[in-house]
Amino acid sequence: HNDFNVILFNMRLICLNLWGGRRYEALKGFLEKMSAETDIFCFQEVFQSEKVFLEGKEGRRLDLIERLAEILPAFDYCYAPTHTANNKSAGAGSGVTIGNAIFYRKDLRLTESGAFFAAGSLGEAGSIGTDEVGLLQYAVFKTESGAFTVGNFHGIGLWPKNDTPARLEQAKKVEKFFSARNGSKLLCGDFNLKPETESIAISGRGMKNLINDFGVKLTRSKISLEKFKDQPEKDTVSDYAFVSPDIQVNSFAVPDIEVSDHLPLVINFSLGQHPNQVH
């Protein structure tokens, strides 16, 4: 007989920088299609507003978090602001923020959630120094195989996407947080860094780098490549996913769709110990 002592939990997580919802209809269609088979969404650049149905500059959806909650009724969410938004940056009045959001299926058991600045602090979007903010949002779930920690990161956004003292410091703080956690771990997000940087190596230390392992060469959509075509350096890979060695990755895909200026990272994985022998 097969001696499977531990059940494997198959899960799907999707990570995506939403670009403030500027490709809203395409984004809505994508999320509606994917939500039935997805357990967790990690989003960056999500607006939250005290007033609803506001549209900002260039089609930004200033009430994006509320819209996402309507699109994803089977999910609960946690939100962590990275910036306050204003008229200059977003065409927004007061009471508007932009930040990270983790949407998780309601039948998942959330035991802890929070966020901290690995670089900078809550600043005003579009003002001096706001690209120097790095925020790690996290959620911890209780599973049959123990704790499962998900990190949703949006890193310092300065050009070029190379190592700097602030980015190395940011990476060390992220690594310190994850190395102190027990159980299974998954870290994803928009790191705003090139693959060969030391900051990427530090951030994902002790974990599998799926961008490397799967040979991904592009996480920015055609929108972005067009937008930054005059930059001396191409920004082709900005988003990353790292998993602890105990997580079995069943598939990893970066579909080439224009729902944002970033491409989604789609991770299908299993939690639980893997029985090595069959008696």
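The values are calculated or read from the model by the stated rules, or taken from the named source; none is laboratory data. Model, not experiment: these values are computed from the prediction. Cβ atoms come from the backbone with ideal geometry, glycine included; neighbour counts cover every protein chain shown. Areas reflect the complete protein model, heavy atoms only, side chains present, ligands, DNA and RNA absent. Shrake-Rupley method; radii C 1.70, N 1.55, O 1.52, S 1.80 Å.
A few points about this structure:
- Scanning the stretch 24-64 for residues that are modelled with pLDDT of 95 or more and more than 20 Å from LEU135 (Cβ to Cβ) yields a total of 16.
- Looking across the stretch 1-12 at every residue that is assigned to a strand (DSSP E or B) and open to solvent by less than 100 Å² (accessible area, probe 1.4 Å), the one that is modelled with the lowest pLDDT is identified as PHE9.
- Residue that is farthest from the chain's Cα centre (by Cα), among those in the stretch 236-259 that are open to solvent by 10 Å² or more (accessible area, probe 1.4 Å) and of a type in the set (D, E, K, R): ASP246
- Inspection of the stretch 238-253 finds no residue satisfying the criterion of being modelled with pLDDT under 95 and touching a strand residue (DSSP E or B) at 6+ places or on another chain (Cβ under 7 Å).
- Unmet criterion (only one of (1) in a loop (DSSP other than H, G, I, E, B); (2) modelled with pLDDT under 95) for ARG205: (2)
- Sole residue being within 26 Å of VAL46 (Cβ to Cβ), open to solvent by 40 Å² or more (accessible area, probe 1.4 Å) and of a type outside the set (Lys, Arg), chosen from GLU226, GLU196: GLU226
- The stretch 21-52, residues that are under 14 Å from LEU263 (Cα atoms) and open to solvent by less than 10 Å² (accessible area, probe 1.4 Å): GLY21, LEU27, LEU31, PHE41, CYS42, PHE43, GLN44
- Test: residue in the stretch 126-143 that is of a type in the set (Ser, Thr, Tyr), under 25 Å from ARG109 (Cα atoms) and exposed (fewer than 15 other Cβ atoms within 10 Å of the Cβ): no
- Those residues of the stretch 150-176 which are under 14 Å from LEU135 (Cα atoms), in contact (Cβ under 8 Å) with a residue 40 or more places away in the chain and open to solvent by 30 Å² or more (accessible area, probe 1.4 Å), in sequence order: ALA166, GLU169, LYS173
- Sole exception among (1) surrounded by fewer than 20 Cβ atoms within 10 Å (Cβ to Cβ); (2) modelled with pLDDT of 95 or more for CYS15, by number: (1)
- Pick from the stretch 127-148, criterion of a type in the set (S, T, N, Q) and under 28 Å from PHE75 (Cα atoms), ranking: farthest from the chain's Cα centre (by Cα): SER145
- So LEU27, is it under 28 Å from SER270 (Cα atoms) and either out of contact with any helix residue (DSSP H, G or I) (no Cβ under 9 Å at 6 or more places or on another chain) or touching a residue at least 24 places away in the same chain (Cβ under 8 Å) (or both): yes
- Restricting attention to the stretch 82-116 and to residues that are surrounded by fewer than 19 Cβ atoms within 10 Å (Cβ to Cβ) and under 15 Å from the mean Cα position of the chain (by Cα), the residue that is nearest to LYS173 (Cα to Cα) turns out to be PHE116.
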